[in-house]
Amino acid sequence: MSKISPLSGFPELLPAQRTVEREVVASLSRTFELHGFANIETRVVEPIDRLAKGGEIDKEIYVLQRIAAEPDAKAELGLHFDLTVPFARYVLEHAGHLEFPFRRYQVQPVWRGERPQEGRYRQFTQADVDIVGRDELPFHHDVEVMSVMVDALGRLPLPRLSFQFNNRKLIQGFYRGLGIDDVTDAIRVIDKLDKLPAEEVAALLVERVGTTAEQAQRCLELATIRVADGSLVERVRALGVTDALLDEGLEELAAVVDGCRAVAGDRVDVEANLRIARGLDYYTGTVVEIFMAGYERLKSVGGGGRYDALASDGRTTYPGVGVSFGVSRTLVPLITDGVLSGSRPVPSAVLVAVSSEEERAASTRVAAALRARDIACEVAPSPARFGKQIRFAERRGIPYVWFVQPDGTSQVKDIRTGDQVEADPSTWIPPEADLRPTTISTAISETEEIQ
């Protein structure tokens, strides 16, 4: 048989690594549900005409087509490349059965045919949380959704995270107050600050957008404001620009930053960064990018914002606000670098030894008694010498070996310490830390089980 080569862009995790991903997804789900969000799962395919919008992403859509299709048959279905497009369709299709505002979270794989590299894959898992209204959605939901994701990610043993917020109303109002006509093009140019020196960006504003040199300088001054304290409003006001939309955006941004800072834990920073823009034709208010310390090369590991027209059927509009976290984008590099690992590759806390095939039934009864009390275990595959059975448990990462004695009593051995004590399968229980595999993180000072 020829050697099997991995498919680039389709990461697969080993059992202990999969423990990390499962624990992270379970923790995110628990936190979302604590805040009252319902879980949904959408189909993996959507009509091509719904996925394709004439943008750059169209080139990355995977189509679904039968091998036996007619030679001239046109593909009609594609795999979804994010969770927002299928969610918008879901809202429209099931609106009559949903209670608004609808609070949803979704953790699913998506597919995108881009060039694979660290943090960017062709198949990857995302976790989204959104609130959607019917015709209107009060602003306080922006604060709520952003706070929920801050809470959820703050419970994970990840490197330090930074939530960086801005508000599209603030940017647009500021530019409008300056007298700039093409606000969208001005934002596109300012977005180049990550790649070009400030003086080149200023020149582009003058040449391409038609601003004056003074207007360009004001745009740069706004974009360089980045604060993690209560000085945001004062810093923006000091630039001397006035506009009603600017005032509204500034008030909203301050409220989001304050609300998220109130729930941020020790490993999460919350700040206003007035360079953040995101989807120019999509977001209409709050916007956020999430970054991870030490992994700036990944760019953002999550983001989202307010969209006043998630979906519309021509009569009703469904505004929403949401955040997406790149589960695979974040975890695969951390696992590869050894920052995150699973404590053991199997769920079993106990290996029940077998003294002989004739006594296997007794070992099986012990295992059944342990499982009845939710203690994961397995019975040794063969009645080898006990030393070999212990080494088998060690290779699998199982911490305890159970021995059934000739008189029917039992003893259990912690193979890490060598301690062996009498035990009753109807009452014995291992320490909480050994009950199930946990995630070990070098990003924090000590081993920590995900909350």
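Each Lys or Arg adds one and each Asp or Glu takes one away; over the other residues whose Cβ falls under 12 Å from the Cβ of Thr317, this sums to -2.
Once both labels are positioned 7 Å from their Cα atoms along Cα-to-Cβ, the gap between Thr242 and Arg66 label points is 6.9 nm. Based on the Kirkwood approach, the hydrodynamic radius assigned to the chain is 25.3 Å, with every pair of different Cα atoms included. Each of Leu77 and Glu214 was given a label point 7 Å from its Cα along the Cα-to-Cβ line. The distance between the two points is 6.1 nm. Can you figure out the FRET efficiency of Ala255 with Arg416, using R₀ = 45 Å and their beta-carbon distance, to the nearest 0.05? Taking R0 as 45 Å, the efficiency between Ala255 and Arg416 is 0.35. For a Förster distance of 22 Å, can you work out the FRET efficiency between the beta-carbons of Asn39 and Ala95, rounded to the nearest 0.05? After rounding, the FRET efficiency stands at 0.75. If you line up the long axis of helix 84-94 against the longest principal axis of the chain, both from Cα atoms, how many degrees apart are they, to the nearest 10? That helix lies at roughly 90 degrees to the long axis. Measuring nothing but protein heavy atoms, the accessible surface of the chain at 1.4 Å probe radius is 49 percent carbon and sulfur. Taking a sphere under 11 Å around the Cβ of Ser410 and counting the other residues whose Cβ falls inside, with K and R at +1 and D and E at -1, yields a net charge of -1.
Note on Thr442/Asp266: beta-carbon distance plugged into 1/(1 + (r/R0)^6) with R0 of 22 Å gives a FRET efficiency of 0.85.
Between Val233 and Arg297, full extension at 0.36 nm per residue minus the direct alpha carbon distance yields a gain of 20.0 nm.
Taking amide H as placed 1.01 Å from N in the peptide plane, Ala38 has its amide H under 5 Å from the amide H of Arg103, Arg104, Tyr105, each at least 5 places away in sequence or on another chain. Taken one residue at a time, the phi angles of region 407-422 give Karplus couplings (6.51, -1.76, 1.60, θ = phi - 60°) of 8, x, 7, 9, 9, 10, 10, 7, 6, 7, 9, x, 5, 10, 9, 5 Hz. Gly and Pro are set to x.
Annotation: lysines with alpha-carbon distance below 20 angstrom to Lys413 (same-chain offsets under eight excluded): Lys388. The angle between the Cα long axis of helix 213-223 and the longest principal axis of the Cα atoms of the chain comes to about 20 degrees, rounded to the nearest 10. Each peptide in 283-289, 331-337, 63-69 receives the mean, over its residues, of other Cβ atoms within 10 Å, and ordering these scores from highest gives 283-289, 331-337, 63-69. Expressed in Å, the radius of gyration and Dmax of the Cα atoms of region 170-234 are 11.7, 36. State the Cα centre-to-centre distance between region 156-232 and region 389-431 in whole Å. Going from one Cα centre to the other spans 63 Å. For Lys59, go through the lysines and keep the ones whose alpha-carbon is under 30 Å away, minus same-chain ones fewer than eight residues off. Hits, sequence-local ones excluded: Lys74, Lys192, Lys195, Lys299. In region 280-421, Rg over Rh equals 1.32, where Rg is the alpha-carbon radius of gyration and Rh the Kirkwood radius from pairwise Cα distances. Here is how the number arises for the chain: DSSP H runs of 4 or more residues each give -39500 (n - 2.57), the sum is divided by the residue count, and the result at 222 nm is -10000 deg cm²/dmol. Here the gap between Thr427 and Ala26, fully extended at 0.36 nm per residue and compared with their Cα-Cα distance, gives a gain of 141.5 nm.
Volume per residue for region 126-189 equals 156 cubic angstrom (convex hull of Cα atoms). Of all aspartates and glutamates in the structure, the ones whose alpha carbon falls short of 18 Å from that of Lys3, not counting any fewer than 8 places away in one chain, are Glu12.
Calculated accessible area for region 287-341 comes out at 32 Å² per residue, all protein chains present (probe 1.4 Å; ligands, DNA, RNA ignored).
The values are calculated or read from the model by the stated rules, or taken from the named source; none is laboratory data. Keep in mind that what you see is a predicted model, and the values were worked out from it rather than measured. Neighbour counts run over all protein chains shown; Cβ positions are idealised from the backbone, glycine included. Heads up: the accessible areas ignore ligands, DNA and RNA and are worked out on the full protein's heavy atoms, side chains in. Shrake-Rupley method; radii C 1.70, N 1.55, O 1.52, S 1.80 Å.
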